[in-house]
Amino acid sequence: PYAFQFTTSLKRITLPNTLRTIGDRAFSKSGLVEIIIPEGVTTLGDGVFEGCESLVTVTIPSTLTDLGAQVFRNCTNLKTIEVHPNNPAFCSVDGVLYTKDMKTLVACPAKYWLSQIPDSVVEIAAYAFDHSQTYREIFVPAHVEKIGVGAFSDSAITSCVFEEGSHITEIPDYMFMSC
């Protein structure tokens, strides 16, 4: 944990193929611009890239199956999250991270414009749209049943519309914190 935290001079790093886990906040608030997580890594700890304001691209290997909380929180310049097509737990569609079954929208990069939440999505994960500056209005379709803590926190959102027939019964803590 915390191995390269606050290392602002760190822009790129080549990690060994023997690595299996990247601990909590290992790169948080570092100067990383891009990172390719090597095959063999199965776990990313909590907040691994939290506050990496220069981070633009993340590539996830086929072996990653365990993703901690708030991994991409406050990555204000993140444009794309790519996932190896053979990954059994996650997938990426146009740079947006989903669970493999496409039922949970895990993370939408802050610099990406997602025009519509796919019909398969029933959950928007905690901090999924954190620090997004591309949205002013968000439309939550009726097929979304759950929204995680802080899902739209620190974003530029000024309006949220829930589709008629919405199944949302609870607004989570910090959903629109600092909007």
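The values are calculated or read from the model by the stated rules, or taken from the named source; none is laboratory data. Computed from a predicted model, the values in this text were never measured in an experiment. A quick note on method: Cβ atoms are made from the backbone with ideal geometry, for glycine too, and the neighbour counts reach across all protein chains shown. SASA here: full protein model, heavy atoms, side chains in, ligands and nucleic acids out. Shrake-Rupley method; radii C 1.70, N 1.55, O 1.52, S 1.80 Å.
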* Asked: Among rounded, prolate and oblate, which fits the range 75-179 when a ≥ b ≥ c are the square roots of the eigenvalues of its C-alpha gyration tensor, a/c under 1.5 means rounded, and a/b larger than b/c means prolate?
  -> oblate
* Taking the range 15-49, which trypsin sites (Lys or Arg not before Pro) meet the DSSP loop condition and have no more than 15 other C-beta atoms within 10 Å? -> 20
* To do: Pull up all non-local amide H partners of residue 160: gap of 5 or more, or a different chain, and H-to-H distance under 5 Å with H placed in the peptide plane.
  => 138
* Asked: Using the per-residue mean of other Cβ atoms lying within 10 Å as a proxy for protection, in what order, highest first, do the peptides 167-176, 90-99 fall?
  -> 90-99, 167-176
* With every protein chain present, what is the per residue accessible area of the chain (1.4 Å probe, Å²)? -> 47
* Under-5 Å amide H pairs with residue 10, H placed in peptide plane, nonlocal only -> 31
* Structure fact -> Cα-Cα longer than 23 Å, checked against 11/100; 11/79; 100/146; 11/111, kept in input order, equals 11/100
* In sequence order, what are the phi-derived ³J(HN,Hα) couplings for the range 21-26 according to the Karplus relation 6.51 cos²θ - 1.76 cosθ + 1.60 with θ = phi - 60°, rounded to whole Hz, with x for glycine and proline? -> 9, 10, x, 3, 6, 3
* DSSP beta bridges in the chain [antiparallel fraction, %, rounded to 5] -> 25
* Structure fact -> For the range 32-84, shape from the Cα gyration tensor axes a ≥ b ≥ c, cut at a/c of 1.5 then a/b versus b/c, turns out oblate
* Structure fact -> Taking every DSSP bridge whose two residues both lie in the range 48-145, the antiparallel percent to the nearest 5 is 50
* To do: For the chain, set up a Gaussian network in which alpha carbons nearer than 10 Å are linked by springs, and say which option among 17, 74, 87 fluctuates the most.
  => 17
* Structure fact -> Computed ³J(HN,Hα) along the range 126-140: with the Karplus parameters 6.51/-1.76/1.60, θ = phi - 60°, integer Hz and x for glycine or proline, the list is 4, 6, 4, 10, 3, 6, 5, 10, 8, 10, 10, 10, 10, 10, 9
* Between the range 148-172 and the range 21-53, the alpha-carbon center distance in angstrom -> 27
* To do: Please list, in chain and number order, the residues 5+ apart from residue 90 or on another chain whose amide H is under 5 Å from its amide H, with Hs placed from the backbone.
  => 100
* Structure fact -> Scalar couplings 3J(HN,Hα) for the range 111-118 by Karplus 6.51 cos²θ - 1.76 cosθ + 1.60 (θ = phi - 60°), nearest whole Hz, x for Gly and Pro, are 9, 10, 9, 9, 6, 7, 6, x
* Cβ-Cβ FRET estimate between residue 14 and residue 134, R0 fixed at 35 Å, reported to 0.05 -> 0.70
